[in-house]
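Peer 1: Before I ask anything, let me first share the structure, which is written out below as structure tokens.
The values are calculated or read from the model by the stated rules, or taken from the named source; none is laboratory data. No experiment lies behind these values; they were computed from the predicted model shown. Here the Cβ is made from the backbone with ideal geometry for all residues, glycine too, and neighbour counts use every protein chain on show. Each accessible area value is taken on the protein alone, full model and side chains, heavy atoms only, with ligands, DNA and RNA left out. Shrake-Rupley method; radii C 1.70, N 1.55, O 1.52, S 1.80 Å.
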Amino acid sequence: MYDTVLQLINERNFKAIREIFIDMNEADVAALLQRFYDDHEAETHELLVLFRLLSKDVAADVFSYMDSDMQMMLINSFTDKELQDVIDDLYVDDTVDMIEEMPANVVVRVLKSADSETRKQINEILRYPKDSAGSIMTTEYVYLKKDYTAKDALDWIRHVGMVKETVYTLYVTENRRLIGVLSVLDLITADEDDRIEDIMDTNIISVDTHEDKEMVAAKLSKYDFVAMPVVDKENRLVGIVTYDDAIDVIQEENTEDIMKYAAVAPSDESYFKTSVFAHAKNRIVWLLVLMLSATITGAIVNKYQEAFAAVPVLVSFLSMLSGTGGNCGSQTSTLIIRGMALGEIRMRDFFKVMFKEFRVACVCGIILSVVNAGRIILVYHNDASVDCYKLAFTVSAAIMLTVVLSKLIAAMLPMAAKKLKLDPAIMAAPLITTIVDTCSTLMFFALATVVFDI
């Protein structure tokens, strides 16, 4: 599609491009324009021409799917009338998401182009904390009065529904307080004369304006809602959080957790938009911490130089031992952190988790130890320079202890972080690996000095 549109641009066949856009989804059109922008195949004026080929209603939806850089480029190229048309057709929460990433001069122009009611709604959302439900909600919802009939309600939806973000879930208010919810299906299947208060559901699940947005997304997922009502401390309905915003929150949080788990400081920018120095800055702190902490392992190795001299073959098992411990720790920490994120594992489950991981570690450790002992005896049974049975026992016992220790540490640290109100993901696999590496090395040489009487 990209090559086709590029060719049509060169041929100045804008009618054909408009016909292509008509058959495309808004998200796909935005992705196509984004590729023109990213590849620098088109000049600014050509991108503007492509955007102007979209119908007014479609243009706002396409605009909402673009990244902030391209949005800013178009805003700077728009006439005041074009900007006003786009802002008028954008949902308020999409407008808020956009201006949060814009420089001040662009924000001023956007707010200037919005009508007074939209500006009021935007400013209301912007005053909430960044990670709160209020910051991601939209104020464009359909509310009903309890004394409406089903027919009155359907007439009201036809009147206001086109400018609301969703009409599938309806909210019943009295003096702005949320007293009930119902769906369009409830209205359609009800008799025309049925009153709203008789068919609405008064068992309301809502969130507070200052509740963490990650918890809001989790509740939307738990209850399979299309939208979640947001109320203030006096139970007054101030907005709703829709499922598309919840998906964005989940994606954002997952990305942040993955970066932390890899011992990288989170970044709001994409990989290619982040500079080399910014990438280095995000990574260097953890690298320094891990490097300096690894010197403890080096000190342990230096302390047991005599063991190396007496049984040189011991050194060949160090990497296997540390690798096994690191892998076991990574497996456990991944499962624990994910379980905590999904709400499957809570702090009250601490001892239950530790006991379960201890049993898992025993099973894994026994299998690894037996296999390793057999391998050592098979390889070294003809080697007169080393007692293969003592070596097999030492290495296998060290593996057993390492597996148990690594799994217990990897289960404990994320839960401890949660208890201290820290993100469990900061207990990243590299950190756990470093801790386990130090402990396993110490245990290995301590065992070796006893078994070989060094």
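Peer 1: Among the listed residues Met98, Met72, identify the single one that is in contact with a Pro (Cβ under 9 Å, 6 or more places away or on another chain) and crowded, with 16+ Cβ neighbours inside 10 Å. Give the derivation first.
Peer 2: Working: Met98 fails: in contact with a Pro (Cβ under 9 Å, 6 or more places away or on another chain).
Just a single option satisfies the conditions, and that option is Met72.
Peer 1: If you scan the range 181-206, which residues turn out to be among the hydroxyl-bearing types (Ser, Thr, Tyr) and open to solvent by 80 Å² or more (accessible area, probe 1.4 Å)? Spell out the reasoning first.
Peer 2: As a first pass, look at the range 181-206 and keep what is among the hydroxyl-bearing types (Ser, Thr, Tyr): 183, 189, 202, 206.
Correct list: Thr189, Thr202.
Yes/no matrix, rows are residues, columns are (1) farther than 27 Å from Leu178 by Cα; (2) in contact with a helix residue (DSSP H, G or I) (Cβ under 6 Å, 6 or more places away or on another chain):
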| residue | (1), (2) |
| --- | --- |
| Tyr91 | no, no |
| Val96 | no, yes |
| Ile99 | yes, yes |
| Asn105 | yes, no |
| Val110 | yes, yes |
| Glu117 | no, no |
| Leu126 | no, no |
| Ser135 | no, no |
| Tyr143 | no, no |
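Peer 1: Taking the condition open to solvent by 70 Å² or more (accessible area, probe 1.4 Å), within 20 Å of Asp85 (Cα to Cα) and over 29 Å from the mean Cα position of the chain (by Cα), does Asn123 pass?
Peer 2: On the way: open to solvent by 70 Å² or more (accessible area, probe 1.4 Å): yes; within 20 Å of Asp85 (Cα to Cα): yes; over 29 Å from the mean Cα position of the chain (by Cα): no.
No; evaluated as a whole, the condition is false for this residue.
Peer 1: Is there a residue in the range 128-141 that is polar (S, T, N, Q) and free of Cβ contacts under 8 Å to residues at least 40 places away in the same chain?
Peer 2: Filtering the range 128-141 for residues polar (S, T, N, Q) gives 132, 135, 138-139.
If we keep only those that are free of Cβ contacts under 8 Å to residues at least 40 places away in the same chain too, we end up with none.
No, the conditions are met nowhere in the range 128-141.
Peer 1: I'm checking my understanding of the structure. Among residues of the range 59-101 that are within 15 Å of Thr118 (Cα to Cα) and charged (D, E, K, R), which one is nearest to the chain's Cα centre (by Cα)?
Peer 2: Filtering the range 59-101 for residues that are within 15 Å of Thr118 (Cα to Cα) and charged (D, E, K, R), the one nearest to the chain's Cα centre (by Cα) comes out as Asp97.
Peer 1: I'm trying to understand the selection: among the residues of the range 161-180, which are under 30 Å from Val58 (Cβ atoms) and open to solvent by 20 Å² or more (accessible area, probe 1.4 Å)? Please lay out each step first, then the result.
Peer 2: Taking the range 161-180 as the starting set, the residues that turn out to be under 30 Å from Val58 (Cβ atoms) are 161-171.
Result: Met162, Val163, Lys164, Glu165, Val167, Tyr168, Thr169.
Peer 1: Among the residues of the range 244-258, is there at least one that is open to solvent by 70 Å² or more (accessible area, probe 1.4 Å) and under 22 Å from Val172 (Cα atoms)?
Peer 2: The answer is no; no qualifying residue exists.
Peer 1: Out of the residues in the range 40-99 meeting the condition of being outside any helix (DSSP H, G or I) and small (Gly, Ala, Ser), tell me which one is modelled with the lowest pLDDT. Spell out the reasoning first.
Peer 2: Within the range 40-99, the subset outside any helix (DSSP H, G or I) is 40-43, 53-55, 66-67, 78-79, 90-91.
Okay, now just the ones that are also small (Gly, Ala, Ser), so 42, 55.
Values: Ala42: 49, Ser55: 82.
Of everything passing the filter in the range 40-99, Ala42 is modelled with the lowest pLDDT.
Peer 1: Which of the residues belonging to the range 403-428 are at pLDDT 85 or above, open to solvent by less than 30 Å² (accessible area, probe 1.4 Å) and of a type in the set (Gly, Ala, Ser)?
Peer 2: Those that are at pLDDT 85 or above, open to solvent by less than 30 Å² (accessible area, probe 1.4 Å) and of a type in the set (Gly, Ala, Ser): Ser406, Ala410, Ala411.
Peer 1: Any idea which residue in the range 304-360 is nearest to Val403 (Cα to Cα), counting only those that are open to solvent by less than 20 Å² (accessible area, probe 1.4 Å) and of a type in the set (Gly, Ala, Ser)?
Peer 2: Gly325
Peer 1: Let me ask something else. Are there any helices (runs of 4 or more DSSP H) wholly within the range 341-454 with 2 or more residues that are in contact (Cβ under 8 Å) with a residue 60 or more places away in the chain, touching a His at 6+ places or on another chain (Cβ under 6 Å) and small (Gly, Ala, Ser), and if so which? So that I can check it myself, show each step before the final result.
Peer 2: Details: elements: 350-380, 388-419, 429-451.
Qualifying helices (runs of 4 or more DSSP H): none found.
Peer 1: Here is a further query. Within the set of pairs 6+ apart or on separate chains, which have a first residue in the range 78-94 that is surrounded by fewer than 21 Cβ atoms within 10 Å (Cβ to Cβ), a second that is among the β-branched types (Val, Ile, Thr) and modelled with pLDDT under 80, and C-beta atoms under 8 Å apart?
Peer 2: From the range 78-94, the pairs are Leu83/Val110; Asp88/Thr118.
Peer 1: Moving on to the next point. If a residue must be β-branched (Val, Ile, Thr) and within 19 Å of Ile179 (Cα to Cα), how many such residues does the range 145-164 contain? It would help to see each step written out before you state the result.
Peer 2: The first filter runs over the range 145-164 and keeps only residues β-branched (Val, Ile, Thr), leaving 149, 157, 160, 163.
Cutting the leftovers down to within 19 Å of Ile179 (Cα to Cα) gives us 149, 157.
Looking only at that region, the number is 2.
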